[in-house]
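Reviewing the structure listed below.
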Amino acid sequence: MAPAARRAIPRSRVADVINLRQARKRRDRKAAEEQAGANRLAFGRTKAQKQADAAEAERASRLLDQAKRED
């Protein structure tokens with residue numbers, strides 16, 4: 001085929017070249033971020049919340065111990 005006889009392919013019909021390794025990493029990062037978001041909703045508590053719960057449990061334990069009868 002002579003160079004003049006080749007047809008030029010319009011740019012709009014040619015697919016973009018992508019790096020498959022980068023595409024896989026992008027996909028995996030997105031999936032990991034979605035999983036992390038779900039875990040934050042299910043298990044995430046701040047340190048202050050944990051300390052408040054521990055203090056409440058300690059208070060309830062003391063209150064229960066004070067109410068015990070000694071026979």
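The values are calculated or read from the model by the stated rules, or taken from the named source; none is laboratory data. All of these numbers come straight from a predicted model, not from anything done at the bench. Here the Cβ positions follow ideal geometry from the backbone for every residue, glycine too, while neighbour counts run over all protein chains shown. Note: areas computed on protein heavy atoms with side chains; ligands, DNA, RNA excluded. Shrake-Rupley method; radii C 1.70, N 1.55, O 1.52, S 1.80 Å.
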* Asked: When only residues in segment 36-57 that are in a helix (DSSP H, G or I) and open to solvent by 100 Å² or more (accessible area, probe 1.4 Å) count, which is modelled with the highest pLDDT?
  -> 51
* Asked: Are there any pairs, at least 6 apart or on different chains, whose C-beta atoms fall under 8 Å, with the first in segment 17-34 and in contact (Cβ under 8 Å) with a residue 12 or more places away in the chain and the second of a type in the set (Phe, Trp, Tyr) and open to solvent by 100 Å² or more (accessible area, probe 1.4 Å), and if so, which?
  -> none
